[in-house]
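Below is one structure, written out as structure tokens; comments come after it.
The values are calculated or read from the model by the stated rules, or taken from the named source; none is laboratory data. Here the structure is a predicted model, which means the values were calculated and not measured. Cβ coordinates were reconstructed from backbone atoms using ideal geometry, including for glycine residues, and neighbour counts include every protein chain displayed.
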Amino acid sequence: MKLKEYLLKFAELQTLYDMVKQDFLTKGLVHHNWNHILRDLAKGIIIGEEEGADMKIVLAGILLHDIGRLHPELGRDHHSAGAEIASQYLRTAGFVDEEIRKVVHCIKSHGLRGLEEPRTLEAKVCYDVDVLSCSVGYIGVARVFDYFMREEGMNVKEMIKIPSGRKRLREDFYTETGRRLGGEGLKKARKFWEELNREFSEEEQGIRAIIPDYEEG
Ligand SMILES: [Fe+2]
Ligand SMILES: [Fe+2]
């Protein structure tokens, strides 16, 4: 189904969509922008439909998964900030308590840095969408550069020194569809990061042999 058809089918989802879109467009983050959400919604539809997930929950989870990033004033990681703020959005949009609980779990558990392991099918879909959009293939690599450089203002050295970020034990993917779509791309991206690291330290060694106090700037 197309995104538009889901928005027509679930009036609360349409309301939520309009609220979240407005927020992303006004806050203007350079990487985690409205396009990021749109790309993830499309991936959520592909994976969620194939897995037979409750699409109202999946799409609400994806709409709100990074909403915490729009609220740095809370001074918390975007998972817990997002989980807190999301309830207000969902209530205003007309979601009922049971749905809110399910969507909040999707937000808390999305991606490799999630606060908890995804337990429901809908949270597993949101998790896999996040991995697919941030960590897979050369597009994933390019998006990591884009995020750390434009949104965090880092240089290459600072960026590649950041640990992979996996919290506790997490699977690469939690759905068959996610694994089928992203398994090869994930290997490709990991290989790239390994090789980049290796080249970087070789280059640095060469420079330090000539200029011992050289620091990457
Ligand atoms: Fe995201
Ligand atoms: Fe996120």
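The residue of the range 41-97 that is surrounded by the fewest Cβ atoms within 10 Å (Cβ to Cβ), among those that are of a type in the set (Asp, Glu) and within 16 Å of ligand 1 (Cβ to nearest atom), is 77. Restricting the search to helices (runs of 4 or more DSSP H) fully inside the range 7-94 and requiring at least 1 residues that are among the charged types (D, E, K, R), under 17 Å from the mean Cα position of the chain (by Cα) and under 23 Å from residue 119 (Cα atoms) gives 34-51. Restricting attention to the range 185-217 and to residues that are under 27 Å from the mean Cα position of the chain (by Cα) and free of Cβ contacts under 8 Å to residues at least 12 places away in the same chain, the residue that is farthest from residue 119 (Cα to Cα) turns out to be 198. Selection over the range 160-184 of residues that are within 16 Å of the chain's Cα centre (by Cα) and at pLDDT below 90 gives a count of 5.
Across the range 109-156, the qualifying residues are those that are acidic (Asp, Glu) and more than 15 Å from ligand 1 (Cβ to nearest atom), and the one among them that is modelled with the highest pLDDT is 122. Assess whether residue 127 counts as being more than 15 Å from ligand 2 (Cβ to nearest atom) and either more than 19 Å from residue 11 (Cα to Cα) or in contact (Cβ under 8 Å) with a residue 60 or more places away in the chain (or both). Judged against the criteria, residue 127 is not a match. For residue 54, are the conditions met, namely being touching a residue at least 24 places away in the same chain (Cβ under 8 Å), of a type in the set (Asp, Glu) and out of contact with any helix residue (DSSP H, G or I) (no Cβ under 6 Å at 6 or more places or on another chain)? When the stated conditions are applied, residue 54 does not pass them.
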